[in-house]
1. Would you mind computing the Rg to Rh ratio of the chain from its alpha-carbon coordinates, Kirkwood style for Rh?
2. Where the accessible area of region 354-478 is counted over protein heavy atoms with a 1.4 Å probe, how much of it, in %, is carbon and sulfur?
3. With N denoting the number of residues in region 296-389, provide Rg(C-alpha) divided by 2.2 N^0.38 Å, to two decimal places.
4. Determine how large the accessible area of W443 is when every protein chain is in place; take a 1.4 Å probe and give Å² rounded to the nearest 10.
5. Need one value: the accessible area of M240 in square angstrom, 1.4 angstrom probe, rounded to the nearest 10.
6. Please give the peptides 304-312, 434-442 ranked by average Cβ packing (other Cβ atoms within 10 Å per residue), highest first, as a rough proxy for protection.
7. Around T262, which amide H atoms from residues at least 5 apart in sequence, or from another chain, sit under 5 Å from its own amide H, with H modelled in the peptide plane?
8. Using the Karplus equation 6.51 cos²θ - 1.76 cosθ + 1.60 (θ = phi - 60°), what ³J(HN,Hα) coupling, rounded to whole Hz, does each residue of region 376-392 give in order, writing x for Gly and Pro?
Amino acid sequence: MNSMSTLERPSSAPTQPDDGGPRGPSIWARLGGFSFRHRRPVLAAWITVFVATFMAVGVIGASSDSSFESPDSESAKGFDILATNFGAAGSFISGSIVFEAAAGIDDPAVAQAMTALFAEVTEFEEVTVESPYAPDGAERGLIAPPTDGGSPTIAFARLGFTQDTAELRASELGAENLELAEDPAALVEGVDASQLEAAGLNIEIGGSALAEFEPPESELIGIAFAIVILIVAFGSVLAMGLPISVALFGVGIGVGTIQLLTNVISIPSFATQLGAMIGLGVGIDYALFIVTRYREGTRAGLDPERATIVAIDTAGRAVVFAGFTVVISLLGMFVMNLSFINGLATGAALTVAVTMVASITLLPALIGFAQGRVEVTRWRGLIMAGGAAFAFLGVGIGLPIFGAVGVVVLIATLILSFFIPGLREQVPQREEKPLRETWSYRWSRFVQRRPWPMAIGVSLFLLVLSLPVLGLRLGFGDESTFAEGTTTRDAYELIAEGFGPGTNGPLLLVAES
């Protein structure tokens, strides 16, 4: 199959797929034709795999172990020494209970309530507590020195965790500690909430490991914008839905498989989010190539099956090549020899591989169901797509009311379309310009006529955009990056206020003699 666009061929001589000469059709042509003709079994197989994956996750579960081990490093040796000699001090997970009392931390009601709270927290078998009310609390740096010479008003208890405490368990402990801290008066007799309120007691739970785990919803925002952009680009709701459907299938199976793999290898908890973001990007991208080539074929006079074969035999080849390139690149992170990096690479590569296979098997099957209707858009479909995009955006930005409005619009439009004929009417199709009159064609010729000025100008522009890299400082985010108003952020600021800069980021020195 030569690479000339089918739009440049006259409709009387439609493009034919490469038949491979005497060897017969290529494997890609046969795969596309098979998936198109056997669309029902292919779709059923993908649905079965999708459902089976998440049923397996529900039965087997996912491991919560996502330790960040760094073998053969000085930091790892230091933590090993701490773990051997100081128990919980060797854990990578730590936290604190920070409290402030305007009447002073030595106020009898405050002291009784906080001591009872620390005793309750100690009941968790994974947790040890260093209380500021211990005889050496001040020497351990757990009580902030008063600024006016009076009674100290800020202190904190240092929480230690056993080495086998998983991140998800630490997050659960943080939520339980916060629940206890909301009503410390209930933990001790003789002290009521009004006394603590009068003393100005404020309790916060510090430590990123104890923070509530809130998975990012950027994927949903991406889907919302993808719906709008693809509709504008394609001018068809069904053509928009094909790439997104393929991407969701691939990402769903990939993420489910990542969760199953956590029982076998160490995979960080955020590997699913990384895999989902990469999978959505490449999934929509790959399917977009194939759908675009399919539409070119049908507009050049090919029947739907032949156009599908051509699309898989041309764009499908590029998708396979691009997919394997991404997979190999991601697996290259194994050379770092860090277990959590290996887990990230495995999860992302697996999601990309599944999405790639979906693009060249599931997509032809879905095209087989749609066929000529890919070019048809009805008003109800357009409005429902807008409602779906609004729903995804609302959930993604954390405004459920917007998501609910989008769902209501989607359902209401579907119901009303049975009673309002206008909603079932076809949206007028955009008039297709000849190839040489399109903006993309004119721009490509403009660039090709000025190769050196364009190359130099774009390179300079990219270099200017890259200037901030010169001032880039690498590091891990701490509790100061949490949203304002969260207990984690408030605890960080209380410690900084009472103990000064650097207290939130201590440097541990370990020595053996």
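1. Rg/Rh: 1.09.
2. That share works out to 72 percent.
3. Details: Rg = 18.3 Å, N = 94, 2.2 N^0.38 = 12.4 Å.
Relative to the 2.2 N^0.38 Å estimate, region 296-389 comes out at 1.48.
4. 120
5. Result for M240: roughly 20 Å² accessible.
6. On the way: 304-312: 26.1, 434-442: 10.1.
Descending packing order for the listed peptides: 304-312, 434-442.
7. Excluding prolines and chain starts, which carry no amide H, the hits are S63.
8. The phi angles translate into 9, 10, 9, 4, 5, x, 5, 5, 5, 5, x, x, 5, 4, 5, 5, 4 Hz.
The values are calculated or read from the model by the stated rules, or taken from the named source; none is laboratory data. Remember, it's a predicted structure, so these values are computed and weren't measured experimentally. Methodologically, a virtual Cβ is constructed for each residue, glycine included, from the backbone with ideal geometry; neighbour enumeration extends over all protein chains shown. In case anyone asks, the SASA skips ligands and DNA or RNA and just uses the protein heavy atoms, side chains included. Shrake-Rupley method; radii C 1.70, N 1.55, O 1.52, S 1.80 Å.
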